[in-house]
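K.L.:
One structure is given below, represented as structure tokens, and several questions about it will come after.
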Amino acid sequence: MVKGERVGFVDTATIHGIEALPVTVEVSVGSGLPGFHIIGLPDLAVKEATRRVRQAIKASGYKINNALVIVNLAPSSMRKIGSGFDLPIAIAYLLATGQVEADLITGRLFIGELSLDGKVKAVQGQLAYESLAKQLGKVLVTGGSRSGVPESVNDPSSAVGSAQSGQLCLEHLKDLHQAHFVVMQNVHNQAAGSSLDYADIAGNDTAKRALQIAAAGEHGLMMIGPPGAGKTMLARRLSTILPPLEQEKRLESAVIHSVAGLPFAHILAGDRPFRSPHHGASRAGMIGGGTPIVPGEITLAHNGVLFLDELPEFGSSVLQLLRQPVEMGYVTLARAAGTFTFPAQFMLVAAANPCPCGFFGDNQRNCSCTPAQISRYIGHIGGPLIDRISLIVDIRRSAAADVLATGHGTSSAELKDGVLAARDFAMWRSSQEHSRVPDALDALPDSATRKPVSNEAALLAACKLGAREQAFLEMAADRYRLSGRGIISTLAVARTIADIEEKPAVQQEHLMEAIGYRPRGDQ
């Protein structure tokens, strides 16, 4: 029997949305009716930890007392999810029963699932846990390994000092006897590189131009054309002309994929996420949800590309859910478990057939659809969503000569040079404009300097429209019945086209090309 009450404390964490939040495991071992109870809003996976922990402790050579064991997960007001509580519960129990030293847990955050034989396994969300450990000034101790070359370390104090990645690995629960950890030393990641290239697609120069503009300005784009025209091939090569992710965005996107249990090494290497969900995707699968709450496709595409093939085949309710994330760059889910806000800044790229049979406007096959069927098919997408897509381009099936010229089209390297040049010019232009702001603000009162400038006003100032260009835009807006959003979107595309040509002011030809990419939805 256990005499008196003894308590062990271990720091751990739980996933809430896409971030890790700190949790303290408190284990009390004392007299009373024998049992192993977990309190503090545990989910089913956490409740099942009692059986895994007891068996793993026995298999690792430790003793299990016939006593009342109460495990409290604090704060008790927050739902705890996942099997990562196995390891901290086991260690807290061993601390409470005096089977391991208290110095073992100092400055460490423990996460891991236990096998029945005592092996420690890694769980989803490793990067989120690492980020939290870094914020708390602790070293993460987990099972398995994320990447890198393991180096055995027996001295806990030296292990903390030498853990360059801020992560230690505990391979087996019995290794706590000798405080035997493995230090994870990260290997430098290199982008894998893609074998895809736009040179593989001969012809379709108009589509490639539109994709270059979209990549340079991160605009939404939709391609409409018959089956076999190359819409999917064009979209899947978009990542080859996008610049690599900045360091901060790499970690941001990698954490999201880590929480979702998806590979993320390529993202840490700089590759942008590319998500292509099936048109049968549910609302929760697209925007996030479920129990527990997990990020959806739009969040997995954060800082990358969301490609929706066969756009009209998606559920109408699913498509309408995209309207707010496309415009705002995030999605907020209100659920019984709380309110979750997920980032969703992505490039929306869509592909669609022009009609149900797919051959409306095709120069090789006749369309068998009625006007009502065509209108209903495209109308399924919804005007509000189309209005939020900046570029719409028609794709024609390539001639036989172009197909045989595969490998000799405009290459990804050529298109990427234009994208990078446009982005560099835009940054230079922005810095020049900002450098003139302080001089202008010096003459204004303090209250005036605090007045925010809207994105629309900033865009208008950046375009530097002359009287001729403004008159042309007004005429085009009336002719094509552009909405207010459509006018701003057209200006943004025109500004990107001017950046590709490294022109400080938007000219009429830039506006003409931008308007040419909005033939539908505004007519």
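The values are calculated or read from the model by the stated rules, or taken from the named source; none is laboratory data. Since the model is a prediction, treat every value here as computed from it, not as a measurement. For neighbour counting, all protein chains shown are included, and Cβ atoms are generated from backbone atoms with ideal geometry for every residue, glycine included. What goes into the accessible areas is simple: the full protein's heavy atoms, side chains included, and nothing from ligands, DNA or RNA. Shrake-Rupley method; radii C 1.70, N 1.55, O 1.52, S 1.80 Å.
K.L.:
For each cysteine in the chain, check whether another cysteine's C-beta sits under 4.7 Å from its C-beta; list those where none does.
P.N.:
Cys169, Cys357, Cys367, Cys463
K.L.:
How much mean residue ellipticity at 222 nm does the chain get from its helices, if each DSSP H run of length 4 or more adds -39500 (n - 2.57) and you divide by all residues, to the nearest 500 deg cm²/dmol? Spell out each step's value before the answer.
P.N.:
Values: 23 runs with 201 residues, N = 523.
Calculated mean residue ellipticity at 222 nm is -10500 deg cm²/dmol.
K.L.:
Enumerate the lysines that Lys134 could reach by cross-link, defined here as Cα to Cα under 19 Å, with residues fewer than 8 away along the same chain left out.
P.N.:
Lys249
K.L.:
For the chain, take the longest principal axis of its alpha carbons; what is the angle in degrees between that and the long axis of helix 247-259, to the nearest 10 within 0 to 90?
P.N.:
60
K.L.:
Now for a different question. Ignoring any ligand, DNA or RNA, what whole percent of the accessible area of region 1-74 comes from carbon and sulfur when the probe is 1.4 angstrom?
P.N.:
Values: 1960 of 3560 Å².
Roughly 55 percent of what the probe reaches on region 1-74 is carbon or sulfur.
K.L.:
Excluding ligands, DNA and RNA, what is the solvent-accessible area per residue of region 17-146 at a probe of 1.4 Å, expressed in Å²? Walk me through the numbers on the way to the answer.
P.N.:
Numbers: 5290 Å² over 130 residues.
Result: 41 Å² per residue.
K.L.:
What are the aspartates and glutamates whose alpha-carbon lies under 17 Å from the alpha-carbon of Lys80, with same-chain residues fewer than 8 places away excluded?
P.N.:
Lys80 reaches Asp11, Glu19, Glu26, Asp43, Glu48, Glu113.
K.L.:
Follow-up question, since we're still on this one. Return one whole number: the accessible area per residue of region 272-367 in Å², for a 1.4 Å probe. All intermediate terms of the calculation are to be shown ahead of the outcome.
P.N.:
On the way: 3920 Å² over 96 residues.
On a per-residue basis, 41 Å².
K.L.:
So if I place +1 on the C-beta of Lys and Arg and -1 on the C-beta of Asp and Glu, and nothing else carries charge, what would the dipole magnitude of the chain be about its Cα centre? I want it in debye, nearest 20. Don't jump to the answer; show the numbers that get you there.
P.N.:
Working: 49 positive and 50 negative charges, 261 e Å.
So the magnitude is around 1260 debye.
K.L.:
Which shape class, rounded, prolate or oblate, goes with region 183-320 when its Cα gyration tensor gives a ≥ b ≥ c as root eigenvalues, a/c under 1.5 marks rounded, and past that a/b bigger than b/c marks prolate?
P.N.:
Cα axes put region 183-320 in the oblate bin.
K.L.:
Once the principal axes of the Cα atoms of the chain are found, what is the range along each, listed largest first in whole angstroms?
P.N.:
90, 66, 44
K.L.:
With axes computed from alpha carbons, what is the tilt in degrees of helix 49-59 against the longest principal axis of the chain, rounded to the nearest 10 within 0 to 90?
P.N.:
In the chain, helix 49-59 runs at an angle near 50 degrees to the longest axis.
K.L.:
Within 10 Å, Cβ to Cβ, of Ala350, how many net charges do the neighbouring residues add up to if Lys/Arg are +1 and Asp/Glu are -1?
P.N.:
On the way: positive: Lys231; negative: Asp309, Glu310.
Neighbourhood net charge equals -1.
K.L.:
For region 204-251, give the percent of accessible area contributed by carbon and sulfur heavy atoms, probe 1.4 Å, rounded to a whole number.
P.N.:
Answer for region 204-251 is 49 percent, counting heavy atoms of protein chains only.
K.L.:
Kindly express, to the nearest 10 degrees and within the range 0 to 90, the angle between helix 412-435's C-alpha long axis and the longest C-alpha principal axis of the chain.
P.N.:
Compared with the principal axis, the helix lies near 90 degrees.
K.L.:
I've got another one for you. Under 23 Å from the Cα of Lys503, which lysines turn up, not counting those fewer than eight places away in the same chain?
P.N.:
Result set, ordered by chain and number: Lys208, Lys416, Lys464.
K.L.:
Compute the Cα gyration tensor for region 453-523, then decide on rounded, prolate or oblate, letting a ≥ b ≥ c be the square roots of its eigenvalues: rounded whenever a/c is under 1.5, prolate when a/b is larger than b/c in the other cases, and oblate in all that remain. Intermediate results must be reported in sequence, preceding the final value.
P.N.:
Working: a/c = 1.56, a/b = 1.34, b/c = 1.16.
Judged from the Cα gyration tensor, region 453-523 comes out prolate (a/c at least 1.5, a/b above b/c).
K.L.:
For region 302-349, which whole percent of the accessible surface, found with a 1.4 angstrom probe, sits on carbon and sulfur atoms?
P.N.:
Working: 890 of 1830 Å².
Ligands and nucleic acids excluded, carbon and sulfur give 49 percent.
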